[in-house]
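To keep things clear, I will list the structure first and then write my remarks on it.
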Amino acid sequence: MDDSKSLLEEAYDLCQEGEYTLALEYYDLILFKNPKNLLALIDKGVTLQNLEKYRQAIKCYDKVLQLDPRNKTTLVNKGSALHSIAKYHDAIDCYDMALKIDPKYAMAIAYKGLALGELGLLKQAIKCFNEALKIDKKYDLALDNKSIALQLLKANDKLKPKLQKP
């Protein structure tokens with residue numbers, strides 16, 4: 001087994017144990033040896049997100065996308081990081097790019113629904129959740145958030161004043 005592969009495995013194990021800061025040191029060592037190691041860049045981005053260092057995570061994802069612009073997982077990860085800093089429109093752009101690569105990517109569809117929901121576009125969000133559920137009927141994220149969006153939509157309808165007839 002080559003050195004970077006064993007370091008990647010060790011970093012992954014550290015992340016599983018919640019030792020994110022130490023894992024970052026492993027990723028940095030791997031990237032010092034090979035700055036184009038996609039797995040290390042992606043995992044470093046995810047680790048930074050776990051530490052709520054979203055802007056740094058986005059930089060890692062951007063490096064991956066420079067090397068592999070069609071990396072749908074990285075596009076969704078970047079979208080998730082953007083969502084975390086309330087850049088919902090930018091997040092949706094990332095999800096849409098992932099969906100151009102794989103139109104049946106349930107996670108990208110559901111995450112897009114989350115961002116649309118944050119923007120108050122509940123009907124569009126519900127459409128996304130329904131679409132994700134057509135692909136994966138048991139997708140918890142889509143099921144749970146569809147239910148929440150429907151409740152919010154119902155509550156909003158109750159709050160709207162009824163037009164009075166003269």
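The trypsin sites (Lys or Arg not before Pro) of segment 31-92 meeting both criteria, a DSSP state outside H, G, I, E and B (loop) and at most 15 other C-beta atoms within 10 angstrom of the site's C-beta, are 36, 70. Rounded to the nearest 20, the Cβ-based charge dipole of segment 1-149 about its Cα centre (Lys and Arg +1, Asp and Glu -1) stands at 860 debye. Electrostatic bookkeeping for residue 64 treats Lys and Arg as +1 and Asp and Glu as -1; over the other residues with beta carbon under 12 Å from its beta carbon, the sum is +4.
With K and R counted +1 and D and E -1, the other residues having a Cβ less than 11 Å from that of residue 24 yield a net charge of -2. Overall size of the chain from C-alpha positions, given as principal axis extents largest first: 78, 29, 27 Å.
For the pair residue 10 and residue 55, the difference between a 0.36 nm per residue extended length and the Cα-Cα distance amounts to 13.7 nm.
Here the calculated FRET efficiency for residue 39 and residue 104, from their Cβ-Cβ distance with R0 = 22 Å, stands at 0.35, rounded to the nearest 0.05.
Since only 12, 156, 106 are under comparison, the one whose Cα sits farthest along the positive direction of the charge dipole of the chain, derived from C-beta charges on Lys, Arg, Asp and Glu, is 156. Once you reduce segment 102-146 and segment 13-81 to the center of their Cα atoms, the two points are 25 Å from each other. Could you name the lysines in cross-link range of residue 33, using Cα to Cα under 20 Å and dropping any fewer than eight places away on the same chain? Result set, ordered by chain and number: 5, 44, 59, 63.
Every number in this text was worked out from the coordinates using simple rules, so none of it is lab data. The structure displayed is predicted, hence computed values, not measured ones. Note that we place each Cβ from the backbone using ideal geometry, even for glycine, and neighbour counts take in every protein chain shown.
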